[in-house]
Amino acid sequence: MSNVIRKTGLILIGVIAGIMLSLNFSAIAKKENIEAIHPLPIEELRTFAQVFGRIKSDYVESVEDKKLITEAINGMLVGLDPHSSYLDKDEYKELQIGTQGEFGGLGIQVTMEDGVVKVISPIEDTPAFRAGIKTGDLIVKLDDTVVKGMTLNDAIKLMRGKPKTSIKITIVREGETEPLIFNLVRDIIKIQSVKSKMLEPGYAYIRITQFQEQTGENLAQAIRTLFGENKGEMKGLILDLRNDPGGLLNGAVAVSAAFLPENALVVYTEGRSPDAKMKLHANPEFYLRGPDKDYLKGLPTEVKTVPMITLVNGGSASASEIVAGALQDHKRSIVMGSQTFGKGSVQTILPLGNNTAIKLTTARYYTPNGQSIQAQGITPDILDEADNGDDQRLRESDLNRHLSNGKKTEKIVTSEAEKTGSKPAGDKKDKKDKKKKDTKNNAPLEFGSEEDELLKQAMNYFKGIPSSPPEPNDESDS
C-alpha cells in the first residue's frame, strides 16, 4: 500500500510541476517584465501528493480525481481572502449574465463567515428585499439543508433556481431571540441600475442601485431628463449610493466623470504586477468599452457645478465607494450618511480556457488623495443623525481573512460622537429599546421616499434648515 501511495505521489508531483512550469512559461511569454520564475515548493507538493494518495486509497468512498483537484483549487483561493474564488462553468456564466443586469435568484449579495452565509446587502426590488432580509443576517438553513459546512458556491447554487419556485430560508438576526423563517419565491432578477426623479422644483434625485454595463448611459439619460424637466435654476442634486454593493469599475468611472472636470483622477490601484497598477481618469478611454460613442458628451454644463450631496451607508461597497471617494476628494460633493463597507480590493477575472475562471484579488483601490478604501471605507463629511443601527452592519473588516488596508489602520467612525469626540446624547436603554423595535420591523425602507430621514436631512442641508429641532424645555411656562 505504501508503495502505491509513494508512486501516486511521485506521479502527481510530476504532473503538478509540469502544470506549474507551463503556467510560468506562459506567463513569461505574456509578461516580459517578470523578473524570475519562483522555484517550485517540492516539499509542500510532496505533502499534497501524499494527502491525495491517501484519499484515493483510504477514503470511505471512491472520489473522482477531478473533484479532488477542483476542491484543492477552491481551497487555495478561498484561503486567500473573502473575494477570491474558483468559478466553474455555471458560475462563470452567471457572473457574465449578472453584470448585464438580469439573472435568476433571490436578490442577495452574500459572503461566507464562520461556516454560515452572511448577507452583505439585499438588492432593491427583489424577493429578498421585499421580504425584509437585512444586511448582517446569517443564513443558517436553506429549506431543510443546514448551511454549516457548505462552500459559499454550493449555498448560492441552492438559493438560485427556476423562477416561480420557492425556498425556505432560516435566518439568525442580531436582537432576535428566535430564528426568522422567510418563504421566498425565486424570480428573474432585473436590476434597474439608475432611478431618478425631481424631489421638488430645483432639486434632483438620482439613485444608483448597482454598477452595470449600461449604468453610465442610463445615468446620462437621467441627467438630461432631470435638467430638461426642471424649470429655472437647478439648486441641488442628490446622488444616492446607499446599499449599492458595487459592480463594474468602468461604470464607477463613468458616474464620477459625469460630475467631475475632464481628466480628473477618479481612482488608482496598486498591486504586485505591472498590470495591477492603474490610474483611471474622468475621460472616455477609461469608461467606454471599445469605440462606442461618448454618452457623457453634451450633458448640461450645470451638472459639473450644481451643489451636490452623495448619500452612503454601510451597504455602499466597492464601485460606490470609488465614486463617493472621488467626489469627496475633489470637493465636488458633500458625502453624507454612515461609514461605508470598506471593500477596496480589485478582483480580476482570469479565464482558464475551458469555460471556467478564477476570480483573483490583484490590487487595492485608492482615492485620488491616496486613501485606501480597503477594510476602512469612506468616512462621510456629515454623519447620519438617525439611530438606524447602521453601526451594527457587517463590514469588510469583519470578514475572516480580509485583506489588510495596506496603510496604517484607522478606527472606523460610525457616529457623530466618535467623529467629534463628544458624548452621545440620550439614554442607553432608549437606544436599546429602539434597536429592538427596529429589528422587529421587517419592512424595508424605500430610499427616496417620504419616510427617508437621511434624504430629508440632505434637503435641509441644501436649504440651510437645521436638521435637528431644539431640545424641548421640561419646565412649563409660568
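The values are calculated or read from the model by the stated rules, or taken from the named source; none is laboratory data. The structure displayed is predicted, hence computed values, not measured ones. Because the Cβ atoms are built from the backbone with ideal geometry, glycine has one as well, and the counts that use them run over all protein chains shown. We work out accessible area using only protein heavy atoms, side chains counted, and drop any ligands, DNA or RNA first. Shrake-Rupley method; radii C 1.70, N 1.55, O 1.52, S 1.80 Å.
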Problem - Any hit, the stretch 358-367, residues being open to solvent by 10 Å² or more (accessible area, probe 1.4 Å), part of a loop (DSSP other than H, G, I, E, B) and in contact (Cβ under 8 Å) with a residue 24 or more places away in the chain - result: no
Handout entry: Search result, residues across the stretch 277-287 that are of a type outside the set (Gly, Ala, Ser) and open to solvent by less than 30 Å² (accessible area, probe 1.4 Å)
Key = Leu280, Asn283, Tyr287
Exercise for the section: For the stretch 222-235, state whether one or more residues are in contact with a Leu (Cβ under 7 Å, 6 or more places away or on another chain) and under 22 Å from Ile378 (Cα atoms). Expected result: no
Fill in the blank from the handout: Taking the stretch 210-227 and keeping residues open to solvent by 10 Å² or more (accessible area, probe 1.4 Å) and either in contact (Cβ under 8 Å) with a residue 60 or more places away in the chain or over 24 Å from Glu450 (Cα atoms) (or both) leaves Gln210, Gln212, Glu213, Gln214, Glu217, Asn218, Gln221, Arg224, Phe227
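For the stretch 132-150, which residues satisfy the criterion of being under 23 Å from Ile73 (Cβ atoms) and crowded, with 17+ Cβ neighbours inside 10 Å? Even if it seems obvious, please write down each step before you answer.
Taking the stretch 132-150 first, the residues under 23 Å from Ile73 (Cβ atoms) are 147-150.
Within the stretch 132-150, Val147, Met150 qualify.
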Practice task
Working only within the stretch 56-67, note down all residues that are under 24 Å from Lys89 (Cβ atoms) and hydrophobic (A, V, I, L, M, F, W, C).
Solution key: Val63
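Can you find even one residue in the stretch 256-265 that is part of a strand (DSSP E or B), surrounded by fewer than 19 Cβ atoms within 10 Å (Cβ to Cβ) and at pLDDT 95 or above? Break it down into steps so the answer makes sense when it comes.
Applying the first criterion (part of a strand (DSSP E or B)) to the stretch 256-265 yields 265.
Next, from what is left, pick out any that are surrounded by fewer than 19 Cβ atoms within 10 Å (Cβ to Cβ): 265.
Those still in the list that are at pLDDT 95 or above too: 265.
Checked against the condition, which is being part of a strand (DSSP E or B), surrounded by fewer than 19 Cβ atoms within 10 Å (Cβ to Cβ) and at pLDDT 95 or above, the stretch 256-265 yields at least one hit.
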Problem - the stretch 22-50: number of residues that are open to solvent by 80 Å² or more (accessible area, probe 1.4 Å) and either assigned to a helix (DSSP H, G or I) or modelled with pLDDT of 90 or more (or both) - result: 8
Exercise for the section: Search the stretch 57-80 for residues that are closer than 22 Å to Leu152 by Cβ and of a type in the set (S, T, N, Q) and pair each with any residue that is open to solvent by 50 Å² or more (accessible area, probe 1.4 Å) and not in a helix (DSSP H, G or I) when their beta-carbon atoms are under 8 Å apart and the residues are at least 6 apart or on different chains. Expected result: Asn74/Thr151
Exercise for the section: Check the stretch 332-346 and report whether any residue there is open to solvent by 20 Å² or more (accessible area, probe 1.4 Å), more than 20 Å from Tyr365 (Cα to Cα), out of contact with any Phe, Trp or Tyr (no Cβ under 6 Å at 6 or more places or on another chain) and of a type outside the set (Phe, Trp, Tyr). Expected result: yes
Fill in the blank from the handout: (1) open to solvent by 70 Å² or more (accessible area, probe 1.4 Å); (2) within 19 Å of Ile120 (Cβ to Cβ) all hold for Lys190 apart from (2)
